[in-house]
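Taking it in order: structure first as structure tokens, then the write-up.
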Amino acid sequence: MKKIAIVPTLLTLGNGVCGFAAIACASKIGGDSPGQDDFFFAAAGWLIVAAMVFDMLDGYVARLSKTASKFGGELDSLCDAISFGVAPAFLLLKMGPGWEPRPILHQLLAGIATLYMVCAILRLARFNVENTPDAASHKRFRGLPSPAAAGCLASLAILRGELPGKLVQYWPDVEPEVVRQMVQRLVETLAPLGALVVALLMVSLVSYPHVTKQVLRGRRQLGHLVQVLIASLIIVLVRELALALLFWIYSLGVPLRYMLVQSLRREEMPAPRLHDGMPH
């Protein structure tokens with residue numbers, strides 16, 4: 001094997017380490033203290049987000065230093081399978097319905113988590129087969145990227161762990177346990193359904209834009225920079241809600257827009273004209 005690039009390889013391994021740490025945090029959920037559960041939910045979610053940052057940086061550094069290689073690509077896929085396949089699926093098992101002792105709900109949740117993991121691995125394998133060395137051609141993805149799908153579930157975990165404390169600050173008269181139960185029920189309902197949708201979107205043929213290339217690269221007008229700064233400020237101030245909105249709007253907005261455009265095109269198509277009772 002040829003020599004490997006140290007910095008990109010360390011960044012890629014950082015991605016895998018964050019995914020493994022997210023699994024370790026999620027495994028501690030379900031203890032006697034609800035406060036500790038909130039912490040581990042948020043920690044697992046943020047570790048998956050950190051894995052995304054490492055995943056973004058390793059490719060950028062490899063291209064910048066001209067050290068991109070097949071070894072780096074294969075290592076990246078293996079770490080992605082952990083951070084964006086196994087870790088979110090395991091975290092989903094902890095976010096699902098748990099307020100009633102119904103085995104059928106837990107079996108259904110386990111099936112959805114398994115499907116999510118399988119779709120993420122299939123998505124990564126398809127990307128490896130279709131991937132080309134030319135970085136300029138990576139402007140769009142076929143199917144929802146696995147980091148974005150993982151971000152959808154990670155943002156729900158962060159919402160589950162951090163939003164109750166934030167709401168209590170705004171409404172101090174409300175009982176904290178009532179707020180926590182409300183957010184918990186909301187996430188328990190949305191997480192399995194959302195995971196099923198994003199799992200199918202990962203293996204779909206829907207074309208998704210490459211956000212970082214469209215937003216951060218190239219020369220843009222000053223107004224574009226102001227919009228990016230405002231969006232970053234909103235994420236910092238209300239990160240619990242902002243992350244969930246960003247990931248879910250990206251994941252669901254693209255296919256919904258595609259279906260809307262297709263529907264409008266069908267309506268605009270002229271009806272066939274009839275001549276002597278026969279269509280032409």
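The gain in end-to-end length when the Asn128 to Lys166 segment is fully stretched comes to 9.6 nm, 0.36 nm per residue minus the alpha carbon separation. For the pair Ser232 and Leu260, label points projected 7 Å from Cα toward Cβ lie 2.9 nm apart. Rounded to the nearest 0.05, the FRET efficiency derived from the C-beta distance between His210 and Phe39 at R0 = 35 Å is 0.55. Each other residue within a Cβ distance under 15 Å of Ile23 adds +1 if Lys or Arg and -1 if Asp or Glu, for a net charge of +1. Once backbone amide H atoms are built at 1.01 Å from N, Phe141 has Tyr208, His210 as its partners under 5 Å, excluding neighbours fewer than 5 places away on the same chain.
Read-outs: derived from the displayed coordinates by stated rules, not from any lab. Bear in mind the structure is a predicted one, so any value in this text is a computation, not a measurement. Heads up, the Cβs are rebuilt from the backbone with ideal geometry, glycines too, and the neighbour counts pull from every protein chain shown.
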